[in-house]
Amino acid sequence: MIMRTALRVRVLKTHTPSLFWRPHSTSTPLIEEGCGGLVLKSLSTDVYENLAVEDWIHDNVELQNRNVLFIWRNSPAVVIGRHQNPWQECNLRLLREKGIGLARRRSGGGTVYHDLGNVNLTFFTSRKGYDRARNLGIVTRALKALRPGLDVHATERYDILLNGRFKISGTAARLGRASAYHHCTLLCGTDTTVLAAVLKGACQGIKSNATPSVPSPVLNLTDIDPSLDCGAVTEAVAAEYAAHHGLEPRVAPVDPRDESSLPGIGGLTRALQAWEWVYGKTPRFSVGTSSEVCYKKSNAAVTLNMEVKDGAIVSCAIGTHRDWVPPAVCDQLASQLVGSRFCPSETAVLTAALLRTCPGDGELRDKWGVLCENVAAVM
Ligand SMILES: Nc1ncnc2c1ncn2[C@@H]1O[C@H](COP(=O)(O)OC(=O)CCCC[C@@H]2CCSS2)[C@@H](O)[C@H]1O
């Protein structure tokens with residue numbers, strides 16, 4: 001019987017450019033060593049670059065007779081599901097303040113937070129070989145190999161729970177015509193204070209059909225046992241995966257910036273970074289807010305109603321008391337916003353230009369400025 005704990009993975013020191021079979025290549029299929037399967041680990045901690053590797057493998061690697069595990073970690077980032085609304089799911093203002101990235105992945109499901117204390121595992125298979133329960137079995141066995149008796153189990157919705165209650169892993173998947181992948185997170189030592197703060201949607205009054213996340217109490221593996229850090233967990237999962245699939249226990253590094261090994265990867269990365277993908281793919285939604293604005297000692301209620309499609313404002317109505325700002329001024333601002341992105345920087349540029357052309361006295365201009373800030377704050 002194989003002693004799983006004794007299994008060690010060997011991390012190859014050099015990049016292995018000949019790992020993949022390229023459908024359009026004139027050369028013969030390249031991998032001998034990758035036949036049957038392989039374990040890859042990213043050299044990058046950039047969320048867009050790593051998601052691009054997923055796309056690249058999905059699009060370019062022959063997966064009919066091969067299983068691939070891709071292991072990756074990211075610098076702080078929030079990752080939303082394909083059909084989600086970032087304004088609903090996270091505190092975008094806090095992300096901007098903290099310089100935390102926002103990425104939209106190609107798989108469905110909810111929103112998660114990543115940092116270097118979180119390990120991501122992507123299991124590539126043929127469409128037929130797609131099996132989330134088997135993959136999560138590999139993960140839970142690897143964890144138990146490191147710490148026998150650890151109370152971890154996969155749930156019906158393919159989360160992994162620690163001590164029956166705390167989520168340590170969330171799952172999502174992308175099913176293609178012939179190939180598929182299932183990816184999951186694993187919380188080893190993530191900053192859960194930041195996680196909780198950034199995953200609190202700050203934009204009130206949104207109505208949409210976007211997929212909502214399912215919040216759960218979370219815990220890190222290192223909270224239970226400090227030795228269960230990302231390094232130990234990664235090694236154990238790679239070893240268990242190799243043993244399960246009868247592969248050589250070694251891990252090949254992947255450099256997502258290496259165009260010669262991954263032709264076209266740069267374009268895939270740029271597509272994932274584009275505003276049109278991250279925000280523009282948000283399902284159509286409406287926002288209705290009502291708030292109080294204040295200028296010197298004069299207060300007024302402001303209502304804002306917008307429709308947003310493909311991330312752009314398609315209709316807008318702003319209302320406030322006619323003595324505070326005349327309706328015509330509100331209407332002018334609202335009509336200028338139509339057609340622009342639902343985004344504070346674009347709104348700021350637009351309203352600054354409008355303010356420069358605003359006739360009238362200083363007080364009206366100032367109030368108009370307050371109104372513009374109020375509108376941008378919703379985004
Ligand atoms: N990193 C991480 N791991 C586990 N659970 C998390 C994490 N971040 C947040 N959460 C908790 O899960 C819910 C959302 O759960 P929900 O079930 O809605 O969504 C998911 O689990 C999606 C998992 C996606 C996995 C991909 C793998 C590679 S790229 S991202 C959130 O509100 C938090 O309570």
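Things to note:
- Residue (of THR289, GLY137, HIS83) at the positive-pole extreme of the chain, dipole from beta-carbon charges: GLY137
- Full-extension gain in nm, LEU94 to GLN64, via 0.36 nm per residue minus C-alpha separation: 6.5 nm
- Where N is the number of residues in segment 37-279, Cα Rg divided by 2.2 N^0.38 Å: 0.96
- Nitroxide proxy distance, nm - points 7 Å out along Cα→Cβ at SER298 and VAL194: 4.5 nm
- R0 of 30 Å, Cβ-Cβ distance HIS245-GLU156: FRET efficiency to nearest 0.05: 0.75
- Separation in nanometres of the label points that stand 7 Å from Cα toward Cβ, at LYS309 and ARG177: 3.0 nm
- Phi-derived couplings, Karplus 6.51 cos²θ - 1.76 cosθ + 1.60 at θ = phi - 60°, listed residue by residue for segment 100-114: 8, x, 10, 10, 9, 8, 7, 8, x, x, x, 9, 10, 10, 10 Hz, with x used for Gly and Pro.
- Taking all protein chains into account, the per residue accessible area for the chain stands at 46 Å² (1.4 Å probe).
- Environment charge at SER286 (Cβ cut-off 9 Å; Lys +1, Arg +1, Asp -1, Glu -1): +1
- Label zone of LYS207 (point 7 Å out along Cα→Cβ, amide N under 19 Å): in segment 69-93 this covers 85-89.
- For LEU162, the residues whose amide H sits under 5 Å from its own are LYS167, ILE168, ignoring neighbours fewer than 5 places away on the same chain, with H placed 1.01 Å from N.
- Computed [θ] at 222 nm, helices only, for the chain once each DSSP H run of length n ≥ 4 contributes -39500 (n - 2.57): -9500 deg cm²/dmol
- Toward the positive end of the charge dipole of segment 37-279, with +1 on the Cβ of Lys and Arg and -1 on the Cβ of Asp and Glu, the farthest Cα among LEU150, CYS203, ASN50 is that of CYS203.
- Within segment 253-348, the GluC sites (Glu not before Pro) that combine a DSSP coil assignment with at most 12 other C-beta atoms in a 10 angstrom radius are GLU259.
- DSSP beta bridge pairing in the chain, given as percent antiparallel to the nearest 5: 75 percent
- One Cα centroid belongs to segment 282-351, the other to segment 201-279; the line between them spans 37 Å.
- Karplus-derived 3J(HN,Hα) values for segment 206-216, using 6.51 cos²θ - 1.76 cosθ + 1.60 with θ = phi - 60°, are 8, 10, 7, 9, 4, 5, x, 6, 10, x, 9 Hz; glycine and proline are entered as x.
- Placing a label point 7 Å from the Cα of ARG356 along the Cα-to-Cβ line, the residues of segment 325-339 whose backbone N sits under 18 Å from it are 333, 336-337.
- For the chain, averaging the sequence separation of C-alpha pairs within contact (under 8 Å, six or more residues apart) and dividing by the residue count gives a relative contact order of 18 percent.
- Principal-axis tilt of helix 132-146 within the chain, Cα atoms, nearest 10 degrees: 70 degrees
- Length available on full extension from GLU276 to GLU363: 0.36 nm per residue minus the Cα-Cα distance, which gives 27.6 nm.
- Computed on protein heavy atoms with a 1.4 Å probe, the accessible areas place SER315, SER335, SER126 in the order SER335, SER315, SER126, largest first.
- Note on ASN163 and VAL370: with the Förster distance fixed at 56 Å, the Cβ-Cβ geometry gives a FRET efficiency of about 0.65.
- Across segment 168-174, rounded Karplus estimates of 3J(HN,Hα) from the backbone phi angles (6.51 cos²θ - 1.76 cosθ + 1.60, θ = phi - 60°) give 10, 8, x, 10, 8, 8, 10 Hz, Gly and Pro being marked x.
- Separation of the THR45 and GLU259 label points, Cα + 7 Å toward Cβ, nm: 2.7 nm
The values are calculated or read from the model by the stated rules, or taken from the named source; none is laboratory data. This structure is a prediction, so every number in the text was calculated from the model and none was measured. Here Cβ is always computed from backbone atoms with ideal geometry, including for glycine, and neighbour counts include all displayed protein chains. We work out accessible area using only protein heavy atoms, side chains counted, and drop any ligands, DNA or RNA first. Shrake-Rupley method; radii C 1.70, N 1.55, O 1.52, S 1.80 Å.
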